[in-house]
Amino acid sequence: MRKFLAKSMIMLCAITSLLLLKSCSDDGIEVIHATGVTITPNTLSLVVGASETVKAVITPIDVTNKGITWRSNNREVALVNATGTITAFKEGEAKIIATTDDGAKVGECTVTVYEQVIPVVGITIVPKTLTLTENEDKGTLTTSFSPSNTTERDLIWSSSDVKIATVDESGVVTPLKKGETTITVTVKDKEISNTCVVTVVPKTVYLSGVKLDYETLKFSESGAPKTLKATFIPENTTNQNVTWSSSDEAVATIDEAGVVTPLKIGTATITVTTEERLKKATCIVEVVAPTAVGMGGNSYVTEDQSGANIDHNKGLTSWRSKKSVISTYFYLHKAGTFELALQAKGNSSVNVKCGDKTIKVNIASDNFAKVNVGKFTTTDPGYVRVDLQGVESATNNFGEVESILVVADGEMSYVHDFENYWGRRGPSVHMKYTLPKENVEWFYNEVTVPKEGETMNSYYMAAGFGEGYFGMQYNSATERRVLFSVWSPFDTEDPDLIPEEDRIKLMKTGRDVHIGEFGNEGSGGQSYLRYNWTAGNTYKFLMQVHPDGKGNTVYTAYFFATDDNEWRLIASFLRPKTDTWYTNAHSFLENFSPNQGYLSRKVALSNQWSYGESAKWVRVTSGTFTHDATASAGVRLDYQGGLLENGSFYLKMGGFFNELTKGYTTFESTAKGTEPDVDFEYLETIK
């Protein structure tokens, strides 16, 4: 029974399947439906650009409706048309899907698309040369490959000089500045390349003018040539061709490179003319005799002073020692190269040193003659020092030198047309104080000589007045003084000529004070105390000017000896025919030895006070810097005055420093003052 039931079930299933695969149409025709579809082949590999047709097979093979719809799930990689033809477009993977019209049965084919590698064997670049204008239009380079269908097309572009021109990844060249560079294109990862030479030419810039680097040039008759440089306006003018000419080729010539050669004393005009628009610029050339910097006014024996002598009229004489160094100073207002020579006589060899350069020269003449030395250079305007030192002499005398001969561009300052004695001493400098508008009787000042300003033969004058001065001196290695002087109203340089009624009369004198007379800078009464004051210590000066009501004035000087901690009376003088209170309060600094004008001096002046009819001490804070005739004449420029960092006044002179202070400059002291502690009654008792 069970076997019968099983067989019956099998037959029923078979009949049901036949009913599903087959049916009848309305007109009674049997219809066979699709049960599946497959694509042959079901995997496919294609090169980009290739096409291949696949076949869709529907089951059963006798299906009534054989319609198929084709599509790609990745159309960028591959497409398929209605007949199953697949076309590959780019690397990647796509699924080609066939769907039956009957029953929507689906079949798939996996398509892999890859690039076919066609090796490159060569590359060309167009053009091979390219000319561009700086900072203007760009240029484009193109390439072609061999074979033309190569798949290796990745390129690298480069420029041999990116300051001249650059190139981007598309072969676009950007010109930057004048010059030449090579543009190279290289196939990536291959040793295959080609080049284009790019020339960048300047943009045409039209000339508007021209100028020369010198408006004037000065030469000695035997001077070395110099080169003039023409500068175009604008500087990047395209056409920079010029011609040169001289108005007097007997005086100076110029070649096509702008080199000026002096020939004889005189003046010539050098002209440069541009080719474009014929623009002109000129330079006046002077061929001159060199400037004679006289040794008598500008030179010093700075080492071993016993071995040589400076005569104010003759210059360097009695030059016997090899150890002696003779230094000459002059000021150049313009930096640059200058020429030196000596006006000398004798038979010897000597070294001439200027800056870091030393030149050995021979003096070989019994009469004064020019001895050429050579060229030297200074990088800044200012004082120049020239040192002479003997090297060899058969006669134990290195000769005589009258002057240093200098040829330099620009103005020079040195002692000339002036008394050599005063020029060698150097400029005296002053600080004139502004007193209150009342009758002033007393003036108080404090003086400090810094160690760097302590120089022998110096007068550090502290309390000057209209008719004299009061200060301290450094007189010798063994002596220093506190000096007080009053001029006579009789104007003479010889104290012996002063009439009796015009003579300065001594009223009283302090302990150990010397009383005498002075001359040469006016005449009058003089007093001094030998006192070894010390650099760095501060000393107090108190000066009294008091009219006696009888047409005379009494001048009394007090000095506070810091080292002894006491006030000292220096002297009291009566000046006849004078009726005045304190006027022209001032300090000054001077050198009184012409042999030491090459050394610098400095003094600090602080805590100035006045005492007058108001019967109280009044702080003096205003000072005006002035100088003497040596500075006014411009023969010495080493003078200075003003305020120290602490706000006190100072004066400095000598030593040939470069930073001068303009005369009649007024300064206001910012230092805090301390009122003088003075007992006037006690001062009257000092002897």
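Can you find even one residue in segment 635-656 that is farther than 21 Å from Thr448 by Cα, over 30 Å from the mean Cα position of the chain (by Cα) and not in a strand (DSSP E or B)?
No, the conditions are met nowhere in segment 635-656.
I'd like to check something: does segment 660-667 contain any residue that is assigned to a strand (DSSP E or B), among the basic types (Lys, Arg) and free of Cβ contacts under 8 Å to residues at least 60 places away in the same chain?
no
What strands (runs of 3 or more DSSP E) completely inside segment 455-524 contain at least 1 residues that are modelled with pLDDT under 95, in contact with a helix residue (DSSP H, G or I) (Cβ under 7 Å, 6 or more places away or on another chain) and open to solvent by 30 Å² or more (accessible area, probe 1.4 Å)? I'd like the intermediate steps shown before the answer.
On the way: elements: 458-464, 468-474, 480-487, 505-509, 513-518.
Hits in segment 455-524: 513-518.
Matching residues to (1) of a type outside the set (Val, Ile, Thr); (2) in contact (Cβ under 8 Å) with a residue 60 or more places away in the chain; (3) under 30 Å from Asn372 (Cα atoms):
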position: Tyr414; (1), (2), (3): yes, yes, yes
position: Gly426; (1), (2), (3): yes, yes, yes
position: Val429; (1), (2), (3): no, yes, no
position: Tyr433; (1), (2), (3): yes, yes, no
position: Glu438; (1), (2), (3): yes, yes, no
position: Trp442; (1), (2), (3): yes, yes, no
position: Val447; (1), (2), (3): no, yes, no
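Quick one: count up the residues across segment 256-281 that are part of a loop (DSSP other than H, G, I, E, B), in contact with an Asp or Glu (Cβ under 7 Å, 6 or more places away or on another chain) and either under 23 Å from Val205 (Cα atoms) or of a type in the set (A, V, I, L, M) (or both). Reasoning before the result, please.
Taking segment 256-281 as the starting set, the residues that turn out to be part of a loop (DSSP other than H, G, I, E, B) are 256-258, 263-265, 275-279.
Okay, now just the ones that are also in contact with an Asp or Glu (Cβ under 7 Å, 6 or more places away or on another chain), so 264-265.
Still in the running and either under 23 Å from Val205 (Cα atoms) or of a type in the set (A, V, I, L, M) (or both): 265.
Counting residues in segment 256-281 that are part of a loop (DSSP other than H, G, I, E, B), in contact with an Asp or Glu (Cβ under 7 Å, 6 or more places away or on another chain) and either under 23 Å from Val205 (Cα atoms) or of a type in the set (A, V, I, L, M) (or both) gives 1.
Has segment 87-101 got at least one residue that is among the aliphatic types (A, V, I, L, M), over 60 Å from the mean Cα position of the chain (by Cα) and part of a loop (DSSP other than H, G, I, E, B)?
From segment 87-101, those among the aliphatic types (A, V, I, L, M) are 88, 94, 96-98; that's our starting set.
This time we only want the ones that are over 60 Å from the mean Cα position of the chain (by Cα), so: 88, 94, 96-98.
Narrowing the set further to residues that are part of a loop (DSSP other than H, G, I, E, B) leaves none.
Looking for residues that are among the aliphatic types (A, V, I, L, M), over 60 Å from the mean Cα position of the chain (by Cα) and part of a loop (DSSP other than H, G, I, E, B), one finds none in segment 87-101, hence no.
For segment 333-359, enumerate the residues that are under 22 Å from Tyr414 (Cα atoms), touching an Asp or Glu at 6+ places or on another chain (Cβ under 8 Å), at pLDDT 95 or above and crowded, with 20+ Cβ neighbours inside 10 Å.
Gln343, Ala344, Val352, Cys354
Name, by its number, the condition in (1) open to solvent by 10 Å² or more (accessible area, probe 1.4 Å); (2) modelled with pLDDT of 95 or more; (3) over 35 Å from the mean Cα position of the chain (by Cα) that does not hold for Ile254.
All conditions are met except number (3).
If I go through segment 197-253 residue by residue, how many of them are touching a residue at least 60 places away in the same chain (Cβ under 8 Å), assigned to a strand (DSSP E or B) and more than 15 Å from Ile265 (Cβ to Cβ)?
Selection size over segment 197-253: 10.
For Phe330, which of the numbered conditions (1) surrounded by fewer than 20 Cβ atoms within 10 Å (Cβ to Cβ); (2) touching a Phe, Trp or Tyr at 6+ places or on another chain (Cβ under 6 Å) fails to hold?
Checking Phe330 against (1) surrounded by fewer than 20 Cβ atoms within 10 Å (Cβ to Cβ); (2) touching a Phe, Trp or Tyr at 6+ places or on another chain (Cβ under 6 Å), the one that fails is (1).
For segment 658-673, what are the residues that are open to solvent by 30 Å² or more (accessible area, probe 1.4 Å) and touching a Phe, Trp or Tyr at 6+ places or on another chain (Cβ under 9 Å)?
Selection gives Asn658, Leu660, Lys662, Tyr664, Thr665, Thr666, Phe667, Gly673.
Give the residue, chosen from Asn396, Asn439, that is out of contact with any helix residue (DSSP H, G or I) (no Cβ under 7 Å at 6 or more places or on another chain), under 30 Å from Ala615 (Cα atoms) and not hydrophobic (A, V, I, L, M, F, W, C).
Asn439
Please determine, by comparing only the residues of segment 146-157 that are surrounded by 15 or more Cβ atoms within 10 Å (Cβ to Cβ) and at pLDDT 95 or above, which one is nearest to Thr199 (Cα to Cα).
Trp157
How about segment 413-450: which of its residues are among the aromatic types (Phe, Trp, Tyr), touching a Ser or Thr at 6+ places or on another chain (Cβ under 6 Å) and surrounded by 22 or more Cβ atoms within 10 Å (Cβ to Cβ)? Walk me through it before giving the result.
Taking segment 413-450 and keeping what is among the aromatic types (Phe, Trp, Tyr), we get 414, 418, 421-422, 433, 442-444.
Subsequent filtering for residues that are touching a Ser or Thr at 6+ places or on another chain (Cβ under 6 Å) retains 422, 443.
Selection gives Phe443 alone.
Please find, among Asp417, Asp380, Asp387, the residue that is modelled with pLDDT of 95 or more, outside any loop (DSSP other than H, G, I, E, B), under 30 Å from Ser458 (Cβ atoms) and within 38 Å of the chain's Cα centre (by Cα).
On the way: Asp417 fails: outside any loop (DSSP other than H, G, I, E, B); Asp380 fails: outside any loop (DSSP other than H, G, I, E, B).
Within the list Asp417, Asp380, Asp387, the selection yields Asp387.
Return the total of residues in segment 302-321 being open to solvent by 10 Å² or more (accessible area, probe 1.4 Å), assigned to a strand (DSSP E or B) and closer than 23 Å to Gly654 by Cα.
5
Among the residues in segment 179-187, are any free of Cβ contacts under 8 Å to residues at least 24 places away in the same chain and outside any strand (DSSP E or B)? Outline the logic, then answer.
Within segment 179-187, the subset free of Cβ contacts under 8 Å to residues at least 24 places away in the same chain is 179-182.
Those left that are additionally outside any strand (DSSP E or B): none.
No, segment 179-187 contains no residue that is free of Cβ contacts under 8 Å to residues at least 24 places away in the same chain and outside any strand (DSSP E or B).
Answer yes if at least one residue in segment 33-45 is surrounded by 15 or more Cβ atoms within 10 Å (Cβ to Cβ), of a type in the set (S, T, N, Q) and part of a loop (DSSP other than H, G, I, E, B), and no otherwise.
Within segment 33-45, one or more residues are surrounded by 15 or more Cβ atoms within 10 Å (Cβ to Cβ), of a type in the set (S, T, N, Q) and part of a loop (DSSP other than H, G, I, E, B).
Please find, within segment 135-149, the residue that is nearest to Thr184 (Cα to Cα) out of those that are part of a loop (DSSP other than H, G, I, E, B) and in contact with a Gly (Cβ under 9 Å, 6 or more places away or on another chain).
Among those that are part of a loop (DSSP other than H, G, I, E, B) and in contact with a Gly (Cβ under 9 Å, 6 or more places away or on another chain), it is Leu141.
Looking only at segment 49-69, which residues are assigned to a loop (DSSP other than H, G, I, E, B), under 30 Å from Thr151 (Cα atoms) and open to solvent by 40 Å² or more (accessible area, probe 1.4 Å)?
Passing the criteria: only Gly49.
The values are calculated or read from the model by the stated rules, or taken from the named source; none is laboratory data. Note that the structure is a prediction, hence the values are computed from the model and not measured. Every residue, glycine among them, receives a Cβ derived from its backbone with ideal geometry; neighbour counts consider all protein chains shown. Just the protein is used for accessible areas: all its heavy atoms, side chains included, with ligands, DNA and RNA removed. Shrake-Rupley method; radii C 1.70, N 1.55, O 1.52, S 1.80 Å.
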